[in-house]
Amino acid sequence: MSQKRQKRQVLKKKLFTKNRLVILNEDTFEEIFSLKLTLMNVFVVASVGMIIIVFVTTYIIAFTPLREFIPGYSSSKLKKDATELALKSDSLANALKKNEAYIESIKKVLTGELEYAKFNKDSLIAAEMIDASKVDLNPSEEELKLREEVAKEEKQIYNESKSK
């Protein structure tokens, strides 16, 4: 126990012993600057300086346009343009699908497979749309089993937390 105490005292003495930092003119040995320091002061100042540098660097990267030069980050304008183009391409795909259905119907009329009286562009577009009333929204047997299992697990978790 005494050895540990002695080591601590030696370390404490080294950390808090005052030393003098002197800057001299080499030609005239004139003292230009002197400063009394301890090892602890140097450690604290260096640590605070490093923390400040990290925060300033993080701030510069996060809140300035400089982040656009880092791989993986993209500009907000680029993201906005990409979103607009994705929306336009979706609407163009839908329009293309409708036009293809229209052209197929015209081909049927021209080849005689379809009577002209039954031909209407609006009815063709409506036929391409999915009718929500025809979609079966009833749960399947697998889904019902899964719901029962989840309910049992939730009941167990609730009972366990209630008993604690």
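The values are calculated or read from the model by the stated rules, or taken from the named source; none is laboratory data. Predicted model only: the values in this text are computed from it and were never measured. All Cβ positions, glycine included, derive from the backbone under ideal geometry; neighbour counts span all protein chains shown.
One table, with the values for the structure above:
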| item | result |
| --- | --- |
| Hey, Tyr59 of a type in the set (Phe, Trp, Tyr), touching a residue at least 12 places away in the same chain (Cβ under 8 Å) and assigned to a helix (DSSP H, G or I) or not | no |
| Failed criterion for Ser75 (all others in (1) at pLDDT 90 or above; (2) surrounded by 11 or more Cβ atoms within 10 Å (Cβ to Cβ) hold) | (1) |
